[in-house]
1. Among the helices (runs of 4 or more DSSP H) lying completely within region 246-360, list those that include at least 2 residues that are touching a residue at least 40 places away in the same chain (Cβ under 8 Å) and not hydrophobic (A, V, I, L, M, F, W, C).
2. Being at pLDDT 90 or above and more than 38 Å from the chain's Cα centre (by Cα) is the requirement here; does Ile302 meet it?
3. Check off (1) surrounded by 14 or more Cβ atoms within 10 Å (Cβ to Cβ); (2) at pLDDT 75 or above; (3) of a type outside the set (Asp, Glu) for Pro160 and give me the number that stays unchecked.
4. Scan the helices (runs of 4 or more DSSP H) fully inside region 81-146 and keep the ones with 3 or more residues being at pLDDT below 80 and surrounded by 14 or more Cβ atoms within 10 Å (Cβ to Cβ).
Amino acid sequence: MLPAPLQFVIAMIASASAINDRMQRRQEYLKAEIAALRQLLASATGTNRLRFTPEQRRRLAVAGKALTVEERRACCHIVSPATILAWFRDLGARKYDSSKVRRQGRPRKSDELRVLVVKMATENPGWGYTKLRDALRTGLKIEVSRTTVANILAEEGLEPAPERKKKRTWKAFLKAHWETLYCADFFTVEALGMNGTVRYLVFFVMHVKSRAVEIGGIVANPTGEWMKQVGRNLLDREEGFLRGATHLILDRDPVYATCFTELLKRGGVKVVQIPAQSPNCNAHAERFVRTIREECLEHFVIFGERHLRHLVREFVAHYQGERFHQGLGGQLIKPAEDPSNDNGAGGTVRRRSRLGGMLNFYHRRAA
């Protein structure tokens, strides 16, 4: 019979051998299971490549680093041992990663400066990067480089000065010539005559800034000579409505004879023709036509040219001196200079009527 110590050693060896056999069988089963899962993945997605989340990579990296080289070779079946080690190195490097808090390049310019640069470039299409920089440095005492100005405009989608000048808008043109810009148009009115209805054409001119209107003439059949005479009246140096004008907006109606436009040109007025079928480019004139129709002409049966002239004359007087205009902040175009008018609350309320009460103006009269 073997000594007791020797029996204990033999028992321990047998137990260890049994444990190793069980571990080997489990490992073989896990290998077979992983191989089956890879085949199922390949058949379902067309690829056997597994994609791990950052948390799964972290757990595998920590557990795989604790194994020996031989253990990793025997146990790592999903990814290679080298991948496990690479994940672990990446996990350690993240502790010292400061890329998310590190700022690249110079700090961004303030929003206030950016808004100012864009505003100046928009309001001055001809100013290039250098001129904008000089205006900021010298005029506003803001130190900025030419490159910074160029970068800000590029980020805001604004092109260089030569391109901005080419794309100048109609609104910018109106503002640039606001003081000396006029517009003109015709509108038609049907009136009853001896032999039926007669269509009259009313020609008017408007100062765009003040909205002041001048009736150039009313005629049934405008001719070149008639248009020339209207042009002479408008360009009269003493009382002509266009004596201070530099630009006149017209549509492409053939009634504006060449002799008329040439006369304006010689008088120092440049004719600006709007695109065909674009009444919105002459919106102020179109709005006046709508106003005179809705507030006056559509409420009357017009008997002849004389009646039409009376209606137009009365409405224009009301339009300029008695009608409050929303486009002018609720003000009158030409307030009457009447010393008897009292804007205070103590005067008597008076009404001035035109066209049988169709047009009314209320004001206070001093007691």
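The values are calculated or read from the model by the stated rules, or taken from the named source; none is laboratory data. What you see is a predicted model, and the numbers here were worked out from it, not measured in a lab. With ideal geometry, Cβ positions are generated from the backbone for all residues, glycine too; neighbour counts draw on all protein chains shown.
1. Here the list reads 283-295, 304-321.
2. So Ile302 fits the description; yes.
3. (1)
4. It comes to 81-93.
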